[in-house]
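I have placed the structure first, in the form of structure tokens, so that the comments after it can refer back to it.
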Amino acid sequence: MGDRSSRIRVLLVDDHQVVRRGLRTFLEVQEDIEVVGEAGDGDEGVARAEELRPDVVLMDVKMPGTDGIEALRRLRALDNPAKVLIVTSFTEQRTVVPALRAGASGYVYKDIDPEALAGAIRSVHAGHVLLQPEVAGALLSQDDPHTGSGRGGTLTEREREVLGLIADGRSNREIARALVLSEKTVKTHVSNILMKLDLADRTQAALWAVRHGLTT
């Protein structure tokens, strides 16, 4: 098994115990992933995330009481740094856009292949945003076309390069490597981009870049 200190710490939040058990059984055989806890509803999920400080939260949407989206909003209000990967079904696609707007790093469908799930966890942990094309389109069509518009001219050429790479799904480490910068410098550029465009997170930044033609 991998070094515990380098493993991705995952919290499972789902109201079905059999689902949590199945997820735990699979994920615990991954050398680089460690399931650090479980929760059966949104309230417990928020409490456990604050207690355990996981790297990634695998969050079901439909749960009794506090659902996954409200739990996600609470985590963001608490500035909890965990990446949240939403679990949904094909019949619940309408929940994906609100989840991404609330700060989710992406989503997976409940019938996802186990290996693909592990890959998704690794991807969001690395800083990627998981967006299916149809969901990106839905976000763009619902987005206020004036959000951040007119502010693009305030970006430096380097910030525009960084923004384009964010839209391509690159992590800070990958951006640093591509532009021959330090990760600390990239983080500064990302913060400046979000501030200048009045955007909340990387997902919104990626969508702004798509809308304004900054993708490669």
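Looking at the stretch 44-69 only, could you name the residues that are surrounded by fewer than 17 Cβ atoms within 10 Å (Cβ to Cβ) and part of a helix (DSSP H, G or I)?
Result: ALA47, GLU50, GLU51, LEU52.
Can you tell me how many residues within the stretch 178-206 are assigned to a helix (DSSP H, G or I) and either touching a Cys at 6+ places or on another chain (Cβ under 9 Å) or over 21 Å from LEU130 (Cα atoms) (or both)? Break it down stepwise before answering.
First pass over the stretch 178-206, keeping only residues assigned to a helix (DSSP H, G or I): 178-179, 183-197, 202-206.
Filter again for either touching a Cys at 6+ places or on another chain (Cβ under 9 Å) or over 21 Å from LEU130 (Cα atoms) (or both), leaving 179, 183-185, 188-189, 192, 195-197.
Looking only at that region, the number is 10.
Quick one: in the stretch 25-43, which of the residues that are outside any helix (DSSP H, G or I) and of a type in the set (A, V, I, L, M) is surrounded by the fewest Cβ atoms within 10 Å (Cβ to Cβ)? Please lay out each step first, then the result.
Kept after step one, since they are outside any helix (DSSP H, G or I), are these residues of the stretch 25-43: 28-41.
Add one more test, that the residue is of a type in the set (A, V, I, L, M), and what stays is 29, 33, 35-36, 39.
Details: VAL29: 10, ILE33: 21, VAL35: 21, VAL36: 17, ALA39: 24.
Of everything passing the filter in the stretch 25-43, VAL29 is surrounded by the fewest Cβ atoms within 10 Å (Cβ to Cβ).
Scan the stretch 1-19 residue by residue and report those that are more than 15 Å from ILE121 (Cβ to Cβ) and either surrounded by 19 or more Cβ atoms within 10 Å (Cβ to Cβ) or touching a helix residue (DSSP H, G or I) at 6+ places or on another chain (Cβ under 8 Å) (or both). First the steps, then the outcome.
First, pick out the residues of the stretch 1-19 that are more than 15 Å from ILE121 (Cβ to Cβ): 1, 3-5, 15-19.
Within the stretch 1-19, ASP15 is the sole residue that qualifies.
Considering each residue of the stretch 20-63, count those that are closer than 23 Å to SER123 by Cβ, basic (Lys, Arg) and within 19 Å of the chain's Cα centre (by Cα), and give that number.
Going through the stretch 20-63 one residue at a time, the tally reaches 2.
Determine which member of the set LEU140, LEU179, LEU197, LEU155 is at pLDDT below 85, touching a Lys or Arg at 6+ places or on another chain (Cβ under 8 Å) and open to solvent by less than 60 Å² (accessible area, probe 1.4 Å).
Within the list LEU140, LEU179, LEU197, LEU155, the selection yields LEU140.
Among the residues of the stretch 110-129, what is the count of those that are at pLDDT below 85 and in contact with a strand residue (DSSP E or B) (Cβ under 7 Å, 6 or more places away or on another chain)?
2
The values are calculated or read from the model by the stated rules, or taken from the named source; none is laboratory data. Model, not experiment: these values are computed from the prediction. So basically every Cβ, Gly included, is an ideal-geometry build from the backbone, and we count neighbours across all protein chains shown. Surface accessibility is based on the protein's heavy atoms, side chains included, excluding ligands, DNA and RNA. Shrake-Rupley method; radii C 1.70, N 1.55, O 1.52, S 1.80 Å.
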